[in-house]
Amino acid sequence: MVQLLQNIDSKVSVSQSAIAGGVSGAVTRAIAQPLDVLKIRFQLQLEPIERGSKYSSLLQAVGSIVREEGVTALWSGHIPAQFLSVTFGIIQFSTFERLTQTLQQTQPEFYTVHKHWVNFCNGAVAATVATVLSFPFDTVRTRLIAERKTCKAYRGFLNAFTLIVKDEGASALFKGITPTITQIAPHAGIQFAVYKVFTQNILNRIEFFQRSRNVGQVVESSLIANVLAGGFAGFVAKTAIYPFDVIKKRLQIQGFQKHRKDFGRQIYCNGMMHCIKLTIVEEGFLALYKGYGPSILKAVFVSALHFAVYDEIKYLILRMQ
């Protein structure tokens with residue numbers, strides 16, 4: 001068996017991690033945006049997801065959106081979503097690599113013994129920092145997806161950003177930040193921990209999933225292995241924290257309900273706990289999992305693509321050196 005040496009991440013600089021993270025975020029967002037639109041539309045629907053409701057299934061929702069608003073509506077909010085993904089990717093991956101490298105250099109024995117917990121904690125911290133700094137893009141994206149394209153409230157990204165601040169104050173850009181932080185730390189921690197376990201301790205020990213060409217003496221997992229590990233990591237992480245994502249989206253449209261009357265009943269709440277209570281009382285506990293179908297598809301696809309593209313860019317950079 002080939003001896004496993006120091007992980008390849010230690011060979012990547014923070015700036016290289018930032019480049020790889022930004023590119024992976026942009027590529028992933030461009031491809032997966034329609035799934036995000038479907039997920040948010042389901043999350044914001046108060047009526048039960050059943051025959052006769054505005055959106056009752058994935059195929060029905062796609063058909064309804066395209067028929068009523070045009071195919072471009074599936075990429076609603078794409079510009080702020082790209083700013084969100086690129087900014088988030090740059091900050092998250094560069095912060096994660098910096099924290100990991102610092103611990104490897106200062107406490108190598110501790111890192112080796114507690115590597116999986118370290119990956120969880122570093123992923124949680126990195127995602128929290130990235131979320132706070134990129135959150136206004138998330139709010140603007142949600143508003144643009146939530147509006148009906150035949151009766152627009154905003155003319156685009158800059159107009160939405162300006163009007164939100166003008167009409168509701170700058171703090172409105174951070175509506176839903178509490179449930180977001182509550183869910184993003186464990187979500188990212190689980191993602192990184194599960195992904196690293198599979199790529200560093202399981203799949204890279206199986207010859208089929210090893211790269212035919214490695215950087216130095218490090219045994220690397222292949223593209224297929226990274227896709228599989230990333231997809232599984234996304235599934236586990238999203239399932240664990242999904243209710244907080246629903247609540248976040250509902251808080252982000254507070255003050256915007258008048259532009260959504262064609263979508264059915266609207267929810268009015270004044271905080272995370274109030275929103276959770278109203279959702280459960282009025283719609284039942286399972287309402288916290290509305291949109292889970294498109295969301296889990298997106299989570300698996302996006303996580304697989306995000307991690308795989310990120311690692312491929314890292315390896316490309318290293319091989320060019």
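None of the figures in this text is laboratory data; all of them are computed from the coordinates on show. Only a predicted model underlies this, so the values are computations on that prediction, with no experimental measurement involved. For neighbour counting, all protein chains shown are included, and Cβ atoms are generated from backbone atoms with ideal geometry for every residue, glycine included.
See the values below:
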| item | result |
| --- | --- |
| Dipole axis of the chain (+1 Lys, Arg; -1 Asp, Glu on Cβ), positive-most option in Thr139, Ile313, Leu158 | Leu158 |
| For the range 46-60 versus the range 229-291, the gap between their alpha-carbon centres in whole angstrom | 16 Å |
| Unpartnered cysteines - no second Cys beta carbon under 4.7 Å - across the chain | Cys121, Cys151 |
| With Cα atoms, 0 to 90° folded angle of helix 292-320 axis to the chain main axis | 40 degrees |
| Hypothetical label at Glu47: residues of the range 240-270 whose amide nitrogen lies under 15 Å (7 Å Cα-Cβ projection) | 260-267 |
| Cα-based Rg / Dmax (Å) for the range 8-320 | 20.1, 60 |
| Cα-projected label distance for Cys269 with Asn159, points at 7 Å along beta-carbon direction, nm | 3.0 nm |
| Inter-site label distance for Val66 and Asp167 at 7 Å from Cα along Cβ, in nm | 3.1 nm |
| Among His187, Ser64, Ser15 - extreme Cα towards positive end, dipole of the chain, charges at beta-carbon | Ser64 |
| Highest-fluctuation residue, Ser85, Ser94, Ser13 considered, GNM on the chain with Cα pairs under 10 Å | Ser13 |
| Contour excess over end-to-end distance, with Cα ends at Arg319 and Val281 and 0.36 nm allotted per residue | 8.1 nm |
| Simple spin-label estimate for Val14 and Thr102 in nanometres, 7 Å along Cα-Cβ | 0.8 nm |
| Computed over the range 188-309, Kirkwood Rh from alpha-carbon pairs, angstrom | 16.7 Å |
| Helix axis angle, 58-69 relative to the chain longest principal axis, alpha carbon, degrees | 60 degrees |
| Extension gain, Trp75 back to Arg148 (0.36 nm per residue minus Cα-Cα distance, nm) | 25.0 nm |
| The chain: angle of helix 157-168 to the longest principal axis, Cα-based, in degrees nearest 10 | 60 degrees |
| Student exercise, the chain dipole from Lys, Arg, Asp, Glu Cβ charges, in Debye to nearest 20 | 660 debye |
| Neighbour-count order for Cys121, Cys275, Cys151, fewest beta carbons within 10 angstrom listed first | Cys151, Cys121, Cys275 |
